[in-house]
Amino acid sequence: MLLSEEPETEEIKSSTVDGGKGTWKHAAFHVATTIATPAAYAPLPFALASLGWVLGVSSLVGGTLVTWYSSLLIASLWGWNGNNHITYKHLAHSIFGFWGYWSIAFFQQVASLGNNIAIQIAAGTSLKAVYKYYYRDGSLTLQHFIIFFGAFELFLSQLPNIHSLRWVNALCTFSTIGFAATTIGVTIYNGNKIDRASIDYSLHGSSYSKTFKAFNALGAIAFSFGDAMLPEIQNTVREPAKKSMYKGVSAAYSVIVLIYWQLAFCGYWAFGSEVQPYILASLTIPKWTIVMANLFAVIQISGCYQIYCRPTYAYFEERILSNKSASQFSFRNHFIRLTCTSVYIALVTLVAAAMPFFGDFVSICGAIGFTPLDFVFPAIAYLKAGRMPKGTKLRRSIQLLNCIIATWFSVVATLGCIGAVRLIKEDIKTY
């Protein structure tokens, strides 16, 4: 079942010994922080407005159930061939060989860059909203706050690994709940203050425009469930890693369901087809609660950003630092880490500041990055690894379900990419 080809430029790392120290609670913090960022679920009311109630609700519920199932599939593949594959790339190599390794490497980089560009725009938008509350006539622009947030992330990037972020991510998880509770409450309050007769839930525009908006919305929903780091997170958990990860993923998805569905439904109910891509931009009163929601958003996004930049850091550090320094804490290693992280964050900050199209980056990242990683790959990897139940009926049911998931979400990825590229093109014309 294993292919013999190996990437020529990188040693394939696997281990028969688990070095993780975290518990299932730490895994839940990491998973919740990675998925349930405000930048992920704040666009959901806008996605529903682009699809309508029936298609929007069914897409959101379907996306929730499929990604929960897919996450459990990935967790179940831990040690499937006797080795604990410590990254998504190495898990893919163990199942699909050379092409699997580099395919996942590509999709992870797209997801990492696209996600961090989108959430840096969201963080800058939230910081600017707080600034404008205190300095209504202030001269600082969105680009200034995008840069300030990038500088803060450069500081956090000097922490050595994902496990070292566990308390940051615990704070981020509580901030997620705080953001959701505040935003849902303020959204309902604003909705009750609006003349309900003026709210329109119809899909606007030509058939051509509505079609591309629907494609874009599918990409946004895929982005909202993005988690391209499950094996990396599982590697931080002590044995029994599978059982701990099942509990951690399920606990995280309990929080996700509580947050996603309520905010999506309340946001679309409150503002109808006029809801903004970033829900906080639709809120008007009371001002102090909107400030609080924006602060919660910035705190949570700071942790999510770190989770997604770690594969890129690891990729370069494995090449530059490998066996060239006796101490992990040497000055040379710290200097190399500072240089690598500075280049990465400067690149992300530059793109975010130059093209602050939050909704467009959300959609294209969801379509090209997260849909293959979170919907398509888990389904086909489980089939290829041969981890089927012994019962014939159950085995056939899982085979059919996985084939349907992989096929349908391959179509979703294509449609979402088409819709996102078109909207970016239109936004650049008017920016």
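Can you name every residue in the range 81-126 that is outside any helix (DSSP H, G or I) and not β-branched (Val, Ile, Thr)? Write out each step before concluding.
First, pick out the residues of the range 81-126 that are outside any helix (DSSP H, G or I): 81-87, 97.
Scanning the range 81-126 gives Asn81, Gly82, Asn83, Asn84, His85, Gly97.
Could you figure out which of (1) part of a helix (DSSP H, G or I); (2) touching a helix residue (DSSP H, G or I) at 6+ places or on another chain (Cβ under 9 Å) isn't true of Ala197?
Of the numbered conditions (1) part of a helix (DSSP H, G or I); (2) touching a helix residue (DSSP H, G or I) at 6+ places or on another chain (Cβ under 9 Å), the odd one out for Ala197 is (2).
Using the structure shown, decide if Ile299 is at pLDDT 90 or above and of a type in the set (Val, Ile, Thr).
Details: at pLDDT 90 or above: yes; of a type in the set (Val, Ile, Thr): yes.
For Ile299, the condition - at pLDDT 90 or above and of a type in the set (Val, Ile, Thr) - is met.
Can you name every residue in the range 274-289 that is assigned to a helix (DSSP H, G or I) and among the hydrophobic types (A, V, I, L, M, F, W, C)? Step through it out loud before you land on a result.
Initial filter on the range 274-289 (assigned to a helix (DSSP H, G or I)): 274, 279-282, 287-289.
Result: Ile279, Leu280, Ala281, Trp288.
Residues checked against (1) in contact with a strand residue (DSSP E or B) (Cβ under 9 Å, 6 or more places away or on another chain); (2) more than 22 Å from Phe106 (Cα to Cα); (3) modelled with pLDDT of 85 or more; (4) among the β-branched types (Val, Ile, Thr):
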| residue | (1), (2), (3), (4) |
| --- | --- |
| Pro372 | no, no, yes, no |
| Ala385 | no, no, yes, no |
| Thr392 | no, yes, no, yes |
| Ile398 | no, yes, yes, yes |
| Asn402 | no, yes, yes, no |
| Trp408 | no, no, yes, no |
| Val412 | no, no, yes, yes |
| Gly416 | no, no, yes, no |
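Out of the range 70-80, which residues are in a helix (DSSP H, G or I) and buried (at least 18 other Cβ atoms within 10 Å of the Cβ)?
Residues of the range 70-80 in a helix (DSSP H, G or I): 70-76.
Correct list: Ser70, Ser71, Leu72, Leu73, Ile74, Ala75.
Please give the number of the condition Lys384 fails out of (1) in contact with a helix residue (DSSP H, G or I) (Cβ under 8 Å, 6 or more places away or on another chain); (2) charged (D, E, K, R); (3) without any contact (Cβ under 8 Å) to a residue 12 or more places away in the chain.
(3)
Residue-by-condition table, conditions (1) outside any helix (DSSP H, G or I); (2) touching a helix residue (DSSP H, G or I) at 6+ places or on another chain (Cβ under 8 Å); (3) not small (Gly, Ala, Ser):
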| position | (1), (2), (3) |
| --- | --- |
| Leu203 | yes, yes, yes |
| Tyr208 | no, no, yes |
| Ala214 | no, yes, no |
| Pro231 | no, yes, yes |
| Tyr246 | no, yes, yes |
| Val257 | no, yes, yes |
| Gly272 | no, yes, no |
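Please go through the range 92-112 and pick out each residue that is farther than 20 Å from Ser224 by Cβ and open to solvent by less than 10 Å² (accessible area, probe 1.4 Å).
Result: Ala92, Ser94, Ile95, Gly97, Gly100, Tyr101, Ile104.
Please go through the range 350-368 and pick out each residue that is closer than 17 Å to Ser410 by Cβ and open to solvent by 30 Å² or more (accessible area, probe 1.4 Å).
Matches in the range 350-368: Ile364, Ile368.
In the range 23-68, which helices (runs of 4 or more DSSP H) lie fully inside it and hold 2 or more residues that are surrounded by fewer than 24 Cβ atoms within 10 Å (Cβ to Cβ)?
Working: elements: 24-35, 38-41, 44-51.
Where helices (runs of 4 or more DSSP H) fall fully within the range 23-68 and carry at least 2 residues being surrounded by fewer than 24 Cβ atoms within 10 Å (Cβ to Cβ), they are 24-35.
With respect to the numbered conditions (1) open to solvent by 60 Å² or more (accessible area, probe 1.4 Å); (2) small (Gly, Ala, Ser); (3) under 18 Å from Ala281 (Cβ atoms), which one is the sole condition not fulfilled by Ser139?
The number of the failed condition is (3).
Please count how many residues of the range 404-425 are of a type outside the set (Phe, Trp, Tyr) and open to solvent by 70 Å² or more (accessible area, probe 1.4 Å). It would help to see each step written out before you state the result.
The initial filter retains those residues of the range 404-425 that are of a type outside the set (Phe, Trp, Tyr), namely 404-407, 410-425.
Subsequent filtering for residues that are open to solvent by 70 Å² or more (accessible area, probe 1.4 Å) retains 404, 407, 414, 418, 421, 425.
Selection size over the range 404-425: 6.
Please list, ordered by first then second residue, the pairs with beta carbon atoms under 6 Å, 6 or more apart or interchain, first in the range 201-222 and open to solvent by 30 Å² or more (accessible area, probe 1.4 Å), second of a type in the set (S, T, N, Q).
Every condition considered, the pairs that remain are His204/Ser273; Lys213/Ser50.
Could you list, in sequence order, all residues of the range 395-425 that are under 20 Å from the mean Cα position of the chain (by Cα) and of a type in the set (S, T, N, Q)?
Of everything in the range 395-425, those that are under 20 Å from the mean Cα position of the chain (by Cα) and of a type in the set (S, T, N, Q) turn out to be Ser410, Thr414.
I'm trying to understand the selection: among the residues of the range 127-148, which are among the hydroxyl-bearing types (Ser, Thr, Tyr), at pLDDT below 95 and in a helix (DSSP H, G or I)?
Tyr133, Tyr134
Which count do you get for residues in the range 98-155 that are closer than 21 Å to Val291 by Cα, touching a Phe, Trp or Tyr at 6+ places or on another chain (Cβ under 7 Å) and of a type in the set (A, V, I, L, M)?
Result for the range 98-155: 7.
The values are calculated or read from the model by the stated rules, or taken from the named source; none is laboratory data. All values reported here derive from a predicted model rather than from experimental measurement. A quick note on method: Cβ atoms are made from the backbone with ideal geometry, for glycine too, and the neighbour counts reach across all protein chains shown. Surface accessibility is based on the protein's heavy atoms, side chains included, excluding ligands, DNA and RNA. Shrake-Rupley method; radii C 1.70, N 1.55, O 1.52, S 1.80 Å.
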